[in-house]
Amino acid sequence: MRKAKENTVGETLKFMLKTVRREKPSVFFLYLLAFVTDFAAKMSAIILPKFLIDELVLIIGGEPLENHLSRIIIYAALIVGIALSTNLLLNLEAQLMSVRSEWFNQYFETELSRHTMAMDFEHTEDPEALDKLSKAKDGMSWYSGGAIGILTQLYTVISNAAILLSVSFLIIITCPWLIPVQLISLVLITIFNAKNNKIEAEGFMQLSKMNRVWGYVFYQLSDFRYGKDIRLYNSADMMCEKADTISEQQVAVWKGQQREMRPNNMLINTINALRDGMSYFYIGFLAVTKAITIGDFQMCINSASNLYWSLYHIVTSVQELHKRCSYAHRYLEFTAYPAAMVKGNKPVKDGEHTIEFSHVSFKYPRSDNYVLRDVNITIRSGEHLSVVGLNGAGKTTFIKLLCRLYDVTEGEILVDGVNIKEYSEEEYRRLFAVVFQDFQLFAFSLRENIALADTPDDERIEEVLKQSGFYDDAHKLEHGLNTTLFKSFDEKGTELSGGQQQKTAISRALYRNAPVVILDEPTAALDPVAEYEIYRQFNSLVGGKTAIYISHRLSSCKFCDRIAVFADDTIKEYGTHDELADKPGGIYAEMFSAQAQYYVNCTE
């Protein structure tokens, strides 16, 4: 167990040192500057007052002022000059280090976000992975202080070790019995500090999940997108009550920590008081018996204080370093979270592509229930397939498996006769342009939301806007393609209607110009006229591309070559619209008849 902890500290320190050296090597120069400046400040504050006091004592004792005045002025000037200059340098160093600390906080936040976006999609729905993400965020920021927070503890150990060696030499030649007094008290205090650190570490484990839940609830409360639901369902009290409950749980953990740490803190304060009393008595006795001078008395007092505090800071910084590295190691653990899927490296050939589901069965991770069972279907290049079925029949899961957001549990999916696991993930996903029913738009410009690229092609954007039927509305916006969506960061941002948002998502899919277009409920938020236009232009929208179209409105199926009817966790019916609509007792025939009857009744 101990070896594992040592590895945790070693791995984290190595990672931090390597990262700082690569990204901001100037940090090491600032630590060197702080080391030299701090050492000079402390040693001058210990040694120079001794000589000044001894000179003053000699004058008080009757020696001529003129024999000592010049040395008094020099010592006083040195004390003031060194104190002033070192304070200025240390303040400058602290300000520069603070800037770098904030830079590293943002750097690790960005890297964590980058890793989260790149990790397997399955992990985004895994509570264990989400808890590790929460611990990684908290561990790298709040609890460890990030790169600067950790390296500052290492610097504290090194700088205090230098002070320790220097003051130990001074104490040994003047008042040697101070050393065991300081050591004994430090050992006792170290024990109680270790207990406090253990209590804090246990609290961190309790708080990590609470912090994630707390962040979720407060995000919901402050997100304007949920404003309508909260108001119309009068749920503000319920949301606030949840927030209060979570806050109370967090406070209870903090109170429990303080309650457990209180006896240790009281013992630490008692030991400190006894140490100071014994030290002053011993040094005072030496001065009274004239074993040391008054200047030596002052130097011993300062040396004893620096001896203790340097020892104290070394021990506590080692403990703190271990604790902070343990917190920050959560970041390393998360970034090393094992992949959920095997990654291939085979390139995807250009040209036409045939997709085949061969005996595919699937159940979601951490579930014993199959969502799909023994699905078999072949989708040829350029074919337009409509996927229909009741809610929960597995239609969207079918698409997720095709896009390889999840791997199949049994069977295989083949593209051009090759298992999709063998393809390069990046190349494979370029085959697809998808509009999911829960698509997301971002608080960026309309142009950026469509292109999702650094260098958008405006001509292509204009073209797909016309195809999706959003061209006129887009150009009526105050800033056209430059209009920011939502008001999260821009008070002049616009709130698109549900239909406009869906057309934006369709435009995004068309802009990608992938050989396979997947539309999952693409007209759900459109009015009947806009829906008709999408259907009417369906062939021009997808052209000769392979298209998979999920819809509850079966009239859309007429625009497709084949229809796959999902029911009972598999494909129960497969064929053209005419074949399935005329099938006696068929699932599709019954669904189509029910919808057709609804429209007939509505017109009567």
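The values are calculated or read from the model by the stated rules, or taken from the named source; none is laboratory data. Because the structure is a prediction, the values reported are computed rather than measured. No Cβ is skipped: glycine too gets one built from the backbone with ideal geometry, and neighbour counts run over all protein chains shown.
Looking at segment 162-184, I want the residues that are free of Cβ contacts under 8 Å to residues at least 12 places away in the same chain and have a partner that is assigned to a helix (DSSP H, G or I) with Cβ atoms under 8 Å, at least 6 apart or on another chain. Which pairs are those?
Here the result reads Ile172/Ile179, each pair linking segment 162-184 to a residue that is assigned to a helix (DSSP H, G or I).
Please work out which residue is farthest from Gln182 (Cα to Cα), limiting yourself to segment 268-296 and to residues that are in contact with a Leu (Cβ under 7 Å, 6 or more places away or on another chain) and in a helix (DSSP H, G or I). Working first, answer last.
Our first condition is that a residue be in contact with a Leu (Cβ under 7 Å, 6 or more places away or on another chain); within segment 268-296, this holds for 271, 279, 282, 292.
In the following step, the residues that additionally are in a helix (DSSP H, G or I) were identified as 271, 279, 282.
Working: Ile271: 10, Ser279: 8, Tyr282: 12 Å.
Per the criteria, the residue is Tyr282.
Quick test for you: out of Glu590, Glu604, pick the one residue that is modelled with pLDDT of 85 or more, among the charged types (D, E, K, R), farther than 23 Å from Phe362 by Cβ and assigned by TED's automatic domain parsing to the domain that holds Leu390.
Glu590
Search segment 26-38 for residues that are farther than 16 Å from Ala83 by Cβ and pair each with any residue that is in a helix (DSSP H, G or I) and β-branched (Val, Ile, Thr) when their beta-carbon atoms are under 9 Å apart and the residues are at least 6 apart or on different chains.
Val27/Val20; Val27/Ile148; Phe28/Val20; Tyr31/Thr152; Tyr31/Ile158; Phe35/Ile158
Just to verify a result, which residue in segment 497-508, among those that are under 18 Å from Leu452 (Cα atoms) and of a type outside the set (S, T, N, Q), is surrounded by the fewest Cβ atoms within 10 Å (Cβ to Cβ)?
Arg508
One residue is enough: does segment 3-13 have a residue meeting the conditions in contact with an Asp or Glu (Cβ under 9 Å, 6 or more places away or on another chain) and assigned by TED's automatic domain parsing to the domain that holds Tyr155?
We begin by selecting, within segment 3-13, every residue in contact with an Asp or Glu (Cβ under 9 Å, 6 or more places away or on another chain); these are none.
Checked segment 3-13: no residue is in contact with an Asp or Glu (Cβ under 9 Å, 6 or more places away or on another chain) and assigned by TED's automatic domain parsing to the domain that holds Tyr155.
In segment 480-497, what count of residues is obtained for those that are part of a loop (DSSP other than H, G, I, E, B), touching a Leu at 6+ places or on another chain (Cβ under 9 Å) and in contact (Cβ under 8 Å) with a residue 24 or more places away in the chain?
Adding up the residues that qualify gives 4.
Within segment 125-132, is there a residue that is of a type in the set (A, V, I, L, M), within 30 Å of His322 (Cβ to Cβ) and surrounded by fewer than 17 Cβ atoms within 10 Å (Cβ to Cβ)?
yes
Which members of segment 114-142 meet the condition of being in contact with a Lys or Arg (Cβ under 8 Å, 6 or more places away or on another chain) and among the small types (Gly, Ala, Ser)?
Result: Ser134, Ala136, Gly139.
Residues Ser367, Ser381: which one is surrounded by fewer than 20 Cβ atoms within 10 Å (Cβ to Cβ) and in contact with a Gly (Cβ under 9 Å, 6 or more places away or on another chain)?
Residue meeting the stated conditions: Ser381.
Between Ile413, Ile450, which is of a type in the set (A, V, I, L, M, F, W, C), in a strand (DSSP E or B) and crowded, with 17+ Cβ neighbours inside 10 Å?
Unique residue meeting the criteria: Ile413.
Answer yes if at least one residue in segment 355-375 is assigned to a helix (DSSP H, G or I), assigned by TED's automatic domain parsing to the domain that holds Asp561 and in contact (Cβ under 8 Å) with a residue 24 or more places away in the chain, and no otherwise.
no
So which residues in segment 493-524 are in contact with a strand residue (DSSP E or B) (Cβ under 7 Å, 6 or more places away or on another chain) and among the charged types (D, E, K, R)?
Within segment 493-524, Arg512, Asp520, Glu521 meet the criteria.
Which of (1) surrounded by 14 or more Cβ atoms within 10 Å (Cβ to Cβ); (2) modelled with pLDDT of 90 or more is the odd one out, the single condition Tyr337 does not satisfy?
Among (1) surrounded by 14 or more Cβ atoms within 10 Å (Cβ to Cβ); (2) modelled with pLDDT of 90 or more, Tyr337 violates only (2).
Give the residues of segment 539-558 that are surrounded by fewer than 20 Cβ atoms within 10 Å (Cβ to Cβ) and either at pLDDT 70 or above or acidic (Asp, Glu) (or both), sorted by residue number.
Once the filter is applied, which keeps residues that are surrounded by fewer than 20 Cβ atoms within 10 Å (Cβ to Cβ) and either at pLDDT 70 or above or acidic (Asp, Glu) (or both), segment 539-558 yields Gly543, Gly544, Lys545, His552, Arg553, Lys558.
Please determine whether any residue of segment 455-465 is assigned to a loop (DSSP other than H, G, I, E, B), aliphatic (A, V, I, L, M) and outside the structural domain of Asp120 (by TED's automatic domain parsing).
Within segment 455-465, not a single residue is assigned to a loop (DSSP other than H, G, I, E, B), aliphatic (A, V, I, L, M) and outside the structural domain of Asp120 (by TED's automatic domain parsing).
Kindly indicate the residue of segment 445-480 that is within 37 Å of the chain's Cα centre (by Cα) and of a type in the set (Lys, Arg) and also farthest from Asn513 (Cα to Cα) among those meeting that condition.
Arg447
Being over 14 Å from Asn160 (Cα atoms), in the same structural domain as Ile171 (by TED's automatic domain parsing) and touching a helix residue (DSSP H, G or I) at 6+ places or on another chain (Cβ under 8 Å) is true for just one of Lys346, Lys323. Which residue is that? First the steps, then the outcome.
Numbers: Lys346 fails: in the same structural domain as Ile171 (by TED's automatic domain parsing).
Residue meeting the stated conditions: Lys323.
Every residue in segment 254-290 that is farther than 18 Å from Phe192 by Cα, under 46 Å from the mean Cα position of the chain (by Cα) and surrounded by 15 or more Cβ atoms within 10 Å (Cβ to Cβ), please.
Asp276
Of the conditions (1) of a type in the set (Lys, Arg); (2) surrounded by 15 or more Cβ atoms within 10 Å (Cβ to Cβ); (3) at pLDDT below 90, Arg536 fails just one. Which one is it?
(2)
Find all pairs meeting these conditions: Cβ atoms under 6 angstrom apart; at least six residues apart or on different chains; first residue within segment 271-287 and in the same structural domain as Phe192 (by TED's automatic domain parsing) and in contact (Cβ under 8 Å) with a residue 60 or more places away in the chain; second residue in a helix (DSSP H, G or I) and among the hydroxyl-bearing types (Ser, Thr, Tyr).
Ile271/Ser185; Arg275/Ser185
Limited to segment 169-180, what total is found for residues that are surrounded by fewer than 19 Cβ atoms within 10 Å (Cβ to Cβ) and not aromatic (Phe, Trp, Tyr)?
Residues in segment 169-180 being surrounded by fewer than 19 Cβ atoms within 10 Å (Cβ to Cβ) and not aromatic (Phe, Trp, Tyr): 5 in total.
Can you tell me which of (1) in contact with a strand residue (DSSP E or B) (Cβ under 6 Å, 6 or more places away or on another chain); (2) within 30 Å of Leu188 (Cα to Cα) is the one Tyr308 doesn't meet?
If we test Tyr308 against (1) in contact with a strand residue (DSSP E or B) (Cβ under 6 Å, 6 or more places away or on another chain); (2) within 30 Å of Leu188 (Cα to Cα), just (1) comes out false.
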